[in-house]
Amino acid sequence: MQRLRPRVHVFALIAALLFCAPALARDYTLKSLTIVDPQARATPPGARTGGAYLTIENRGRDNDQLVRASSPIADSTELHAMRMEGGVMRMRSVTAIGVPAGSKMALAPGGYHVMFVGLRKPLVAGDHVPLVLTFEKAGTVDVEVVVTPLDAAASSPRMPGMDMPAPHPVR
Ligand SMILES: [Cu+2]
């Protein structure tokens, strides 16, 4: 019996690691940039758009900017900003999202985000979807976006329009 115990502990450890893994934030390093915890909210049936969020840390001495995002899961993948205009939350596409040297830029509900326009299938909680991010200086990095349940972001500000067809003209 005594000799079995270490093995039991190893199994317990492995089980604990497997159980914890999905909850761990995934980080990706690209030169002096770190892409922290890319995630997207699950979409309701029939939704044509979805948003993805992540944080970019720039530990370098040069400013950089996110200039492009692409994914096979949507007809187009855009960089968007949200802001209040005349009391209404609106989003628009932007050509770049700056990441100044020594700073952290959070793409989060209510602000900048990556927008999937023309989703080819719904975003389902637990799925991992591929996303390619291109920076002006650091280059390109492949990340996986973890899809979280719709209500996981309930504590975040609601984003009217996010779950509806894009409210602005799409090229
Ligand atoms: Cu958007």
- Note on the structure: When region 134-171 is checked residue by residue, the ones that are hydrophobic (A, V, I, L, M, F, W, C), surrounded by 14 or more Cβ atoms within 10 Å (Cβ to Cβ), within 16 Å of the ligand (Cβ to nearest atom) and at pLDDT below 85 are Ala153, Met159, Met162, Ala166, Val170
- Among the residues of region 13-20, is any under 23 Å from Gly102 (Cβ atoms) and either modelled with pLDDT of 95 or more or loosely packed, with under 15 Cβ neighbours inside 10 Å (or both)? no
- Kindly indicate whether any position in region 81-104 is at pLDDT below 95, more than 15 Å from the ligand (Cβ to nearest atom) and assigned to a loop (DSSP other than H, G, I, E, B). yes
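Taking region 110-133 on its own, how many of its residues are within 13 Å of the ligand (Cβ to nearest atom) and touching a residue at least 60 places away in the same chain (Cβ under 8 Å)?
7
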- Are there any pairs with C-beta distances below 8 angstrom linking a residue in region 73-85 that is without any contact (Cβ under 8 Å) to a residue 60 or more places away in the chain to a residue that is away from the ligand (no atom under 12 Å from the Cβ) and not in a strand (DSSP E or B), with the two at least 6 apart or on different chains, and if so which? Ile73/Arg120; Ile73/Lys121; Ile73/Leu123; Ala74/Arg120; Asp75/Arg120; Thr77/Ser71; Leu79/Thr95; Leu79/Ala96
- With the condition kept exactly as written, say whether any residue in region 54-72 is within 12 Å of the ligand (Cβ to nearest atom) and either in a strand (DSSP E or B) or within 22 Å of Leu30 (Cβ to Cβ) (or both). yes
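The values are calculated or read from the model by the stated rules, or taken from the named source; none is laboratory data. Values in this document were obtained by computation on a predicted structure and should not be read as measured data. So basically every Cβ, Gly included, is an ideal-geometry build from the backbone, and we count neighbours across all protein chains shown.
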